[in-house]
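No value in this document is a laboratory result; all are computed from the given coordinates. Values in this document were obtained by computation on a predicted structure and should not be read as measured data. All Cβ positions, glycine included, derive from the backbone under ideal geometry; neighbour counts span all protein chains shown.
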Amino acid sequence: MPLSDHLPVIDDRRHADLVAEARARIPRYAPEWTDLNDNEPGIAVVQLLAWLSEMLLFRLGQVPQLNRIKFLELIGTTLEPARAASAEITFGTVADFGAATVIVPPRTQVAAEVPGSPVPVVFETEDALVAISAQLDAVLLDSGAEIADVSAANADGITGFAPFGRSVRSGNALMLGFTSDLAFATGPLDLAFFTRAPAATGRKSTPLVVPGGGAAPQAPATLAWDYWNGSEWIALDVLAEETLAFTRSGHVLLQLPASNAPAGPPATATMGLATGARYWLRVRITAGAYTRAPVLAAVRTNTTRALQAQTVDAELIGRATGLDDQVYRLANAPVLDGSLVLQVDEGPGFETWTEVPDFFASGPEDRHYVLDRSTGEVRFGRGTQLRVPMANPNRPSNLLALSYRFGGGAVGNVPAGAINALRASVPGIDSDAVANLQAAGGGTDEESLEAAEERARQQLKSRERAVTAEDFELHAKGAGAARALALPLSHPDFPGLQVPGVVSVVVVPPSKELDPLADPAPQPTEALLHEVCAELDARRLLTTELYVVAPRYREVVIGATLSCRAGTDTAAVKQRAQAALATWLHPLVGGDDASGWPFGGDLYHSALVQRLLLPGVRRVNDLRVWIDGVEQPACSDVEIAPGVLLSSGAHQLSVVTER
């Protein structure tokens with residue numbers, strides 16, 4: 001959005017207000033002036049001066065904010081537009097479909113109903129998906145000594161399981177069994193692996209960690225994929241691998257053999273596990289070692305990435321005039337970055353013009369335009385210095401948006417299972433079996449003017465580098481984090497020790513709910529951690545070892561008895577007390593300044609009592625505090641470790657009326 005839309009009004013008094021104020025002061029300063037009618041010459045002068053004062057106040061009221069806005073424009077700072085959320089969507093196939101594979105075309109739209117939103121939130125698939133009709137219904141863990149069936153944990157997608165067991169060693173394997181009445185698919189097979197979300201609370205919880213580094217991250221172990229042909233395991237080629245040996249969420253693309261035949265379970269599954277004819281795939285450890293056993297939430301087939309966006313093709317946006325400063329507007333906004341393809345027909349035919357951030361480096365022969373992504377406004381320059389689109393008498397509209405995508409905002413951060421409404425039927429896809437296993441993330445609203453001013457000050461100080469703790473926190477917020485804390489000398493694998501050259505950045509995401517209090521312990525998605533890590537990795541010092549981690553929460557439960565005056569509505573007092581505690585302890589809107597509970601902020605007994613002294617409450621009795629289920633000493637402050645946040649639990653409050 002243009003910064004000029006934020007021009008302030010400091011003194012909003014109008015002509016009538018100024019005249020009324022002057023009339024009220026006349027008896028005090030000029031008591032001999034008794035005729036205050038409009039036909040009196042003195043009143044006419046008052047009205048004239050009030051009109052001049054109104055104009056002067058209006059213009060002077062714009063100066064301070066106008067100066068700040070012009071300075072932001074001078075240094076090239078604009079409001080960051082809304083960002084689109086992304087999610088992994090699984091497309092279930094029809095059970096009796098007569099083909100081994102189903103094609104889900106790119107830009108397939110799936111909608112999610114969001115409470116409070118007048119229209120559904122639409123997601124579009126990024127690439128074409130080759131879905132298989134075979135059902136993945138058996139997941140076995142082969143640790144060498146025994147075989148464990150974790151099919152139920154894989155089906156619910158929440159419990160989680162260790163794909164190679166808790167004691168990881170070379171030779172351990174994960175086996176995937178598929179059932180189908182048809183021959184198994186041939187060609188590439190796309191498998192999606194989801195790591196389990198980090199624990200939200202508890203001292204021993206392990207937050208999700210994303211390491212940074214100049215070189216590409218390396219997998220801790222080497223994995224090999226095989227296919228069971230009925231008598232032996234046949235090696236498969238791995239076309240693409242994004243998971244780094246199951247240490248992060250991603251896709252694995254396998255090349256299946258040209259011909260397949262149904263096969264029973266492998267010889268290792270003779271213990272009554274996963275009986276019945278199945279097609280089997282296996283992944284096993286051949287080399288390397290894990291420092292920590294990987295944990296998966298689920299393995300899914302027929303899953304692809306989708307973006308909260310809609311595509312528009314061939315939209316005529318206007319007729320060029322050949323004049324200076326031509327401005328046109330797209331029908332939909334906000335526009336996703338790099339998605340607009342704009343063409344102009346000046347006579348020979350449609351030619352593509354190039355989007356630029358500004359015209360400072362453009363010349364008279366460059367076909368350039370500037371796009372305001374927030375409003376969809378397309379602007380051209382001046383013909384004396386820049387090239388402008390010329391009129392074409394043969395076309396009523398010669399400006400064509402060949403294609404662009406629009407969408408974005410925090411409304412796209414929908415919970416798991418919400419993206420389930422297929423907007424157009426796809427042959428072979430079961431519309432009732434379309435959903436997102438994990439919550440969508442990454443969507444943000446347009447940046448506020450106050451946030452842009454703060455970012456500009458920090459950018460001038462950091463100069464696009466990450467050296468100090470403030471620099472790391474600034475650039476982490478610029479990558480989509482709601483809050484961030486840089487911890488120098490802190491290594492996630494060695495808590496409590498100071499490790500030279502290490503910086504860990506704790507990232508708190510924006511709330512996925514319309515009401516932030518509905519999510520007392522927001523956790524960042526793995527995609528957000530990777531975005532923040534990439535942003536910081538490009539700006540860190542070469543010798544800095546960088547880690548981006550999810551926050552660790554400690555659950556707080558408050559127990560107290562509130563004594564109220566006679567006649568007080570005790571139910572309303574209890575409800576207000578519950579809301580006051582949930583708000584005060586929240587990591588995004590809590591704290592004394594409503595900017596979020598401070599990282600490592602201690603819980604003071606006196607401050608807690610003050611929060612519970614609501615209107616109508618006379619005393620707070622029997623105040624108790626539990627941290628992660630452990631009761632703390634009475635009437636004492638609770639120390640919180642650096643970098644740790646609090647989450648509000650089920651508080652045990654009782655309200656009584658004094659006699």
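What to note about this one:
- Nearest 10 degrees, 0 to 90: helix 570-584 Cα axis against the chain principal axis: 80 degrees
- Alpha carbon centroid spacing (whole Å) that separates the stretch 360-376 from the stretch 434-510: 31 Å
- By average C-beta atoms within 10 angstrom, highest first, the peptides 391-399, 175-183: 175-183, 391-399
- The slack between Glu32 and Arg618, meaning 0.36 nm per residue of separation minus the straight C-alpha distance, is 205.4 nm.
- Neighbourhood charge, 13 Å Cβ-Cβ cut-off, centred on Thr301 and excluding it, Lys, Arg +1 and Asp, Glu -1: -2
- Relative packing of peptides 452-465, 35-48, 366-379, 155-168 - highest average C-beta neighbours within 10 Å first: 366-379, 155-168, 452-465, 35-48
- Environment charge at Glu40 (Cβ cut-off 15 Å; Lys +1, Arg +1, Asp -1, Glu -1): -2
- Between the stretch 224-240 and the stretch 309-333, the C-alpha centres lie 52 angstrom from each other.
- Where labels lie 7 Å past Cα in the beta-carbon direction, separation of Leu489 and Ala456 in nm: 3.7 nm
- Between Leu542 and Arg329, the modelled labels are 5.1 nm apart [label points 7 Å from Cα along Cα→Cβ].
- Sorted into 10 angstrom bins from 0, the C-alpha pair distances of the stretch 310-406 split as 17, 53, 28, 2 percent.
- Computed over neighbours whose Cβ is under 13 Å from that of Gly250, the net charge equals -2, Lys and Arg +1, Asp and Glu -1.
- Helix axis angle, 469-478 relative to the chain longest principal axis, alpha carbon, degrees: 90 degrees
- Crossing angle, helix 41-74 versus the chain [Cα axis fit, 0-90 degrees, rounded to tens]: 30 degrees
- If the segment from Ala580 to Glu631 were pulled out straight at 0.36 nm per residue, it would be longer than the present Cα-Cα gap by 16.3 nm.
- Between the stretch 516-590 and the stretch 29-86, the alpha-carbon center distance in angstrom: 41 Å
- Sorting the segments 424-430, 586-592 by their residues' average number of neighbouring beta-carbon atoms within 10 angstrom, most packed first, yields 586-592, 424-430.
- Cα gyration tensor shape for the chain, rounded if a/c is under 1.5, else prolate or oblate: oblate
- Net length gained if the chain between Arg395 and Ala287 were fully extended (0.36 nm per residue, minus Cα distance): 32.3 nm
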